[in-house]
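Readers should treat all values here as calculations from the given coordinates under stated rules, not as data from a laboratory. Bear in mind the structure is a predicted one, so any value in this text is a computation, not a measurement. Neighbour counts are summed over all protein chains in view; Cβ atoms, including those assigned to glycine, are modelled from backbone coordinates with ideal geometry.
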Amino acid sequence: MLTLRQLFLANNAQTTDFPLMLEFERAQGVYMYNAEGKGWLDLISGIGVSNIGHGNPEVIEAVKQQVDRYMHLMVYGEYVQTPQVRFAQKLASLLPSTLQSVYFTNSGSEAIEGAMKLAKRYTGRNQIIACHNAYHGSTQGALSVMGNEDFKQAYRPLLPGIQFINFNEPTDLQYITEETACVIMETVQGEAGVRVPNLAYLQALRKRCTQTGTMLVLDENQTAFGRTGKLFAFEHFGIVPDILVLGKALGGGMPLGAFIASVEIMGTLKNNPILGHITTFGGHPVCCASGLASLEVLTRKNLISQVEEKEALFKKLLVHPAIKQVRGKGLMLAAEMESFEVLKKVIDHSIEQGIIIDWFLHCSNSMRIAPPLIITHEQIEQACAVILQAVDIYA
Ligand code: PMP
């Protein structure tokens, strides 16, 4: 009889020759457990998803209650489905007055697709500006704005009219013109290895977009829901995007994305043609119930107010001659090593010792540290001790 791992390799599509192959039976809080009960401390949150930790009882209860009421009833946007309405209302109450209309999607990539379509419709323009080293998803529209040719070349032709600028480079803002439908940017670049832009840069970007009538699309898939120490990362910079893109932690562990704009901007999806974006499962009621419960836990438990001190603790502890730099904001951190080869050994050793870390798509010499926000000081100390031990051995 084949083992589960053998079956995984045989019947589940593989996208690399070196999957991690870890096998977990359950997850609770900041830990994931195998069948023998061995726990791994999760320092990556399923790539920025499990912000309030795994298995939160309120989220589980909300999911169960919604499953009992109804699951799928109708494609998005026709019926008044309570979880969608309540979740949009809650998000709107936490967002500025120009971000009050929420379009729920299945994923972050689909939300990016919707945001780009909306920007084209609202401005009547078709040029898009994105950033080198950006990651916005893997569908063909999202791939078109990915700032790494290695991942794109095999899929060309992609969307026309995309121009790339350097992230955090003020002189490149001149390329934004009255022909530009939107600039699409991560508020803090994630897969580039956590790159935090300057305050003045984002403010100049906002100004330039306003001057040229260009939609500013901020992709907060990785940065929202407290990850950087604010509910939304744009709050650090005193700016508001025209279109906000959410995903990952939005669904509280269930698949959900959203693009959010003003009622006026979003209204352009209604005409010429109608149904400007269509999705069957976007805003699935169970996912919205889960997302709402998760957001309520996040805000009520004041988790975000502890993020900055946890960031400081990681930065204080992760000091070693072989760690060149610890970059980032809040609990979205990157520790830079000499090379991928060294980092890979550090990662493998840490995983063996029960600490899950990994690297970034566009930055292979840096270690991703993005734990659930509920991680305690003791757990941070424990994790850093293991990482430093690995660095000592291999670097
Ligand atoms: N934007 C960013 C910044 C992301 O990090 C991701 C996912 N890693 C996406 C978009 C795409 O989201 P999804 O995988 O849910 O389609």
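So what's the back-of-envelope 222 nm ellipticity for the chain, counting only DSSP H runs of four-plus at -39500 (n - 2.57) apiece and dividing by all residues, rounded to 500?
-10500 deg cm²/dmol
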Round to the nearest 10 and give me the degree value, 0 to 90, for the angle of helix 285-300's Cα axis relative to the longest principal axis of the chain. 70
With an 8 Å cut-off on Cα pairs and a minimum separation of 6 or more residues, tell me the relative contact order of the range 57-300 in percent. 31
Points 7 angstrom from Cα along the Cβ direction at ILE60 and LYS301: gap in nanometres? 1.3
Förster radius 22 Å - calculated FRET efficiency between ASN126 and LEU94 (Cβ-Cβ, nearest 0.05): 0.10
Nearest 10 degrees is fine. How inclined is helix 82-94 to the longest principal axis of the chain, computing both from alpha carbons? 90
Using only Cα atoms, find the angle between the long axis of helix 307-317 and the longest principal axis of the chain, and express it within 0 to 90 degrees, rounded to the nearest 10. 40
Gyration tensor (Cα only) of the range 62-107 to equivalent ellipsoid, semi-axes in Å sorted down, yields 22, 13, 9
How many percent of Cα pairs in the chain exceed 31 Å? 38
Quick calc: nm separation of the 7 Å Cα→Cβ label points for GLN325 and ALA312 -> 2.3
Report the gain in length on full extension from LYS270 to GLU149: 0.36 nm times residue separation, minus Cα-Cα distance, nm rounded to one decimal. 40.1 nm
Interchain or sequence-distant (5+) residues whose placed amide H lies within less than 5 Å of the amide H of LEU256 are LYS248, GLY251
In the chain, if the dipole is taken from +1 on Lys/Arg beta carbons and -1 on Asp/Glu beta carbons about the Cα centre, which of ILE44, VAL59, LEU216 is farthest to the positive end? LEU216
Can you compute the FRET efficiency between VAL67 and THR177 using 1/(1 + (r/R0)^6), with r the Cβ-Cβ distance and R0 = 56 Å? Round to the nearest 0.05. 0.70
Please state the charge dipole magnitude for the chain, taken about the Cα centre, from unit charges on C-beta atoms (+1 on K and R, -1 on D and E), reported in debye and rounded to the nearest 20. 780
Relative contact order (percent) for the range 115-243, with alpha-carbon contacts under 8 angstrom and 6 or more residues of separation? 25
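For a Förster distance of 56 Å, can you work out the FRET efficiency between the beta-carbons of ILE278 and GLN389, rounded to the nearest 0.05? Intermediate values should be presented prior to the final figure.
Working: r = 52 Å, r/R0 = 0.93.
My answer for the efficiency is 0.60.
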Starting from the 7 Å offset along Cα-to-Cβ, what nm value, one decimal, do you get for the label separation of ALA200 and LEU7? 6.0
Only Cα pairs within less than 10 Å get springs; with that Gaussian network setup on the chain, which residue of ASN56, ASN12, ASN166 has the largest fluctuation? ASN12
